[in-house]
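Notes follow once the structure below has been shown.
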């Protein structure tokens, strides 16, 4: 290598290091907005083909169409929050105003379990601490509202920009990625497939599981069965033990109240129906929507929730898929065997509508 090439490579490395350092600094300072940024990308991927059809095929105005999509997503996202507040707020108020009643209920449950099994789960002091910690958690959840609203504003801002000028951003990103065109197409196809499979599949699965749980609560005469079914559906977003966080305490509560057979029936129903319907729906629906392996979904959710918060339900599995796909791309790009675009999954969403 001559001196000119060496100086060129050195400048290239220094510029690359500077770019990486700046990226780390920016990400560190804007970390609180990452869920909103990823949420905007998710909504863009979900609405991209429809938007392009309306703009290029039916000649709708870009800005007005983008605003229409934002309003549509706002309504779709606001409905679950509205029902959450309507169903759960009265119960939260009741819990805050009746802490002594909560303590007595927990003491009763602990006493019944001790009489039947000889195991002391909760002492009086532990029960009081548990009740106080539970009530102290409510203000913290309420204080996070500002962060949630800020991320929603960021999400819709990103969505508007991507819809109006997303194709330019896609072309710029395509030029910056140092991979062959086939590999970039594979990344693009994997992104679309995983985002659509998780962003659409996970809520549908949670809805199915929530309805199944609500049916069980209704059959075994549990008070507020609709609300508890809704809460179970929310926790169903988290695989494996999500719904158990709801139905196990409810079963124990029924048992402590002396309703032995309903408690036993609810436990069996929750294990056989509520638990397995999640597994069946996840296998069939996620496989059909994106051929997503259940292990990728489970590991991805665990990683994604820790890294990105709630939006990690979508981008966690995508991160796992990226890792696997990048290993394959590395083998194809730099390994001994070269493939000629094998595994290309990029699909043509619209034919001539993307041409300006």
Would you be able to tell me the number of residues in region 182-210 that are more than 15 Å from residue 321 (Cα to Cα) and out of contact with any helix residue (DSSP H, G or I) (no Cβ under 7 Å at 6 or more places or on another chain)?
-> 2
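Yes/no per residue for (1) closer than 30 Å to residue 218 by Cα; (2) modelled with pLDDT of 75 or more:
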site: 255; (1), (2): yes, yes
site: 275; (1), (2): yes, yes
site: 285; (1), (2): yes, no
site: 337; (1), (2): no, no
site: 342; (1), (2): no, no
site: 352; (1), (2): no, no
Before we move on, is residue 69 within 19 Å of residue 165 (Cβ to Cβ) and either outside the structural domain of residue 252 (by TED's automatic domain parsing) or modelled with pLDDT of 60 or more (or both)?
-> yes
Given the structure, is residue 211 without any contact (Cβ under 8 Å) to a residue 40 or more places away in the chain, assigned by TED's automatic domain parsing to the domain that holds residue 295 and part of a helix (DSSP H, G or I)?
-> yes
Near pairs, Cβ below 7 angstrom, 6+ apart or cross-chain, from region 26-54 (touching a residue at least 24 places away in the same chain (Cβ under 8 Å)) to any residue that is outside any helix (DSSP H, G or I) and surrounded by fewer than 19 Cβ atoms within 10 Å (Cβ to Cβ) = 49/349; 49/350; 52/350; 52/353; 52/354; 53/350; 53/353
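The values are calculated or read from the model by the stated rules, or taken from the named source; none is laboratory data. Note that the structure is a prediction, hence the values are computed from the model and not measured. No Cβ is skipped: glycine too gets one built from the backbone with ideal geometry, and neighbour counts run over all protein chains shown.
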